[in-house]
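Here's the structure, in structure tokens; my notes come after.
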Amino acid sequence: MFGHRKKAATNSVELSAVALQLNGVSFFEGFTEDELARVAHLAEEVIAEKGAVLIDQGRVGLECYVILEGEAGVYVSGEHVATNGAGSMIGEMALIEHRPRNATVIAETEMRLIAFDTKAFRTLLQEMPKAHDRVMELLASRLKLNRGDNDPTIVEADGTDDEGDPADTAK
């Protein structure tokens, strides 16, 4: 399945090096050096070969990933629905919702990712409000897309509707 995986950083020199790499990843934009070092400490680095199944639809989710390099195709019931690249988080929905995966994700190129198991993911969300907010925004966006719904009563992570106005939740 994967080429190999290892702890992203095991000493202070590696933590600094990985934190520096994460500084250029859009998901972690605005994180402090200390926060990035903590992310590096929590994560595992994963190298995936082209064609590797990263996430299998219907299976229980045990980890999520942030793509550092490469591209992954997202498939629902065998139909290609999206391609995600560097900076994207994948697999978070199953960890948050405690449900089976609702898509299959396959490496379209050789990839470099960081992985968070369930415990590390929870720690990330609890310790870092920025990570929590980004994941919640991503989750709200993906749930909305999955419904194929542009109903303005859907509330975004920031409390607004899809047009940026304060959401009317009294309906």
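The values are calculated or read from the model by the stated rules, or taken from the named source; none is laboratory data. Bear in mind the structure is a predicted one, so any value in this text is a computation, not a measurement. Every residue, glycine among them, receives a Cβ derived from its backbone with ideal geometry; neighbour counts consider all protein chains shown.
Of note:
- Test set (1) surrounded by 14 or more Cβ atoms within 10 Å (Cβ to Cβ); (2) modelled with pLDDT under 90; (3) farther than 15 Å from ALA72 by Cβ - MET93 fails condition number: (3)
Let's see how each residue does on (1) out of contact with any helix residue (DSSP H, G or I) (no Cβ under 7 Å at 6 or more places or on another chain); (2) crowded, with 16+ Cβ neighbours inside 10 Å; (3) within 16 Å of LEU139 (Cα to Cα):
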site	(1), (2), (3)
GLY24	yes, no, no
ALA52	yes, yes, no
GLY73	yes, yes, no
ALA86	yes, yes, no
ARG101	no, yes, yes
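- Checking each residue in region 104-130 for being free of Cβ contacts under 8 Å to residues at least 40 places away in the same chain and not basic (Lys, Arg) picks out LEU125, GLN126, PRO129.
- Residue-level analysis places ILE96 among those that are under 13 Å from the mean Cα position of the chain (by Cα), farther than 30 Å from SER12 by Cβ and not in a loop (DSSP other than H, G, I, E, B).
- Considering GLY73, GLY51, the condition of being part of a loop (DSSP other than H, G, I, E, B) and either at positive phi or in contact (Cβ under 8 Å) with a residue 12 or more places away in the chain (or both) is satisfied by GLY51 alone.
- Screening VAL66, VAL74, VAL53 for residues that are modelled with pLDDT of 90 or more and in contact with a His (Cβ under 8 Å, 6 or more places away or on another chain) leaves exactly one candidate, VAL74.
- Residue pairs meeting the criteria (Cβ under 7 Å; at least 6 apart or on separate chains; first at pLDDT 70 or above, in region 6-19; second in a loop (DSSP other than H, G, I, E, B)): LEU15/ALA9; VAL18/ALA8; VAL18/ALA9
- Boolean, GLY30 is more than 22 Å from PRO129 (Cβ to Cβ) and of a type outside the set (A, V, I, L, M, F, W, C): no
- Which listed residue, of LEU124, LEU145, is out of contact with any Cys (no Cβ under 8 Å at 6 or more places or on another chain), at pLDDT 55 or above, among the aliphatic types (A, V, I, L, M) and loosely packed, with under 15 Cβ neighbours inside 10 Å: LEU145
- Filter result for ALA82 (under 21 Å from ARG134 (Cα atoms), modelled with pLDDT of 90 or more and assigned to a strand (DSSP E or B)): yes
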